[in-house]
Amino acid sequence: MSDSIFTHAPFVRDPRKKDLDIERTLKEAGFDPNLCMQCGTCTASCLSGRWTAMRTREIMRKAAFGDESVLSDPDMWLCTTCYNCYDRCPRDLKVTDAIIQLRNIASARGYVSDKHRKTVDILHKTGHAVPINDKIRAIRKELGLPELPPTIFCYPEEIKKLGEALFQLPPKPESPEEESD
Ligand code: SF4
Ligand code: SF4
């Protein structure tokens, strides 16, 4: 079991680079494919898997074998990064970090669900993943608060800078069967 959540491997890879490969990325994330014994503890620990079709062991097995179909697998996006699997893996493999890094590769190749694309778009435009709406503005006003909280919402120039600095998602892959959603 992982000793501490503070032992994450540093995320040094830049998702904008196209030379990302699965094996190297897994190792950098702290997941040595040779050490995974396919025990399934990660799947059994996964709260997301209780409610969805996501099977953590299956994802890690595909990745460990360098099976690139894992990148277009929409189930990978059902991981909530709760770190249960990371804490319970008997081989101390950093499963969650590996999934996050796999998502980086997937994103760089355009495998991002429409819903996640929409969220990124909102983040670019507002600086927040969940933007403030008219109803919340009205409630704030009623409560005697400024319509906007003192966050990046109040600084359009900063939103612009943030939008420019954020990773721009590549277009979706052309082949319909390769699309993720
Ligand atoms: S819990 Fe660890 S060793 Fe077991 S299948 Fe998952 S990643 Fe592999
Ligand atoms: S980190 Fe992701 S894969 Fe691991 S248990 Fe949580 S939801 Fe499941």
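What follows draws every value from the coordinates through simple rules; no lab data is involved. Treat the numbers as computed from the prediction; the structure is a model and nothing was measured. Reconstructed Cβ throughout: ideal geometry from the backbone, glycine too, with neighbour counts over all protein chains shown.
Taking all Cα pairs closer than 8 Å and separated by 6 or more residues, the relative contact order of the chain comes to 24 percent. Our compactness index for segment 14-108, the C-alpha radius of gyration over the empirical 2.2 N^0.38 Å, is 0.97.
List E174, E23 from most exposed to least, where exposure is judged by having the fewest other Cβ atoms within 10 Å. Walk me through the intermediate numbers first.
Numbers: E174 8, E23 13.
Fewest-to-most Cβ neighbours within 10 Å comes out as E174, E23.
Remark: segment 128-145, residue by residue, has Karplus-estimated 3J(HN,Hα) of 10, 6, 10, x, 7, 10, 4, 4, 5, 4, 5, 4, 4, 4, 4, 7, x, 9 Hz, where x stands for each Gly or Pro and the curve is 6.51 cos²θ - 1.76 cosθ + 1.60 at θ = phi - 60°. Taking the number of Cβ atoms within 10 Å of each Cβ as an exposure proxy, the fewest-first ranking of M37, M54 is M37, M54.
For segment 114-168, the square roots of the Cα gyration tensor eigenvalues, ordered a ≥ b ≥ c, give a/c of at least 1.5 with a/b no greater than b/c, which places it in the oblate category. By the compact-protein rule of thumb, 2.2 N^0.38 Å, the alpha-carbon radius of gyration of the chain corresponds to a ratio of 1.19.
Spin-label model, F167 to D32: label points 7 Å out along the Cα-to-beta-carbon direction sit 2.7 nm apart. For the options C85, C42, C154, a Gaussian network treatment of the chain with springs between C-alpha atoms closer than 10 Å singles out C154 as fluctuating the most. Between A138 and E23, the contour length at 0.36 nm per residue exceeds the alpha carbon distance by 36.3 nm.
Here T96, T80 are placed in order of increasing Cβ neighbour count within 10 Å, fewest first, which gives T80, T96.
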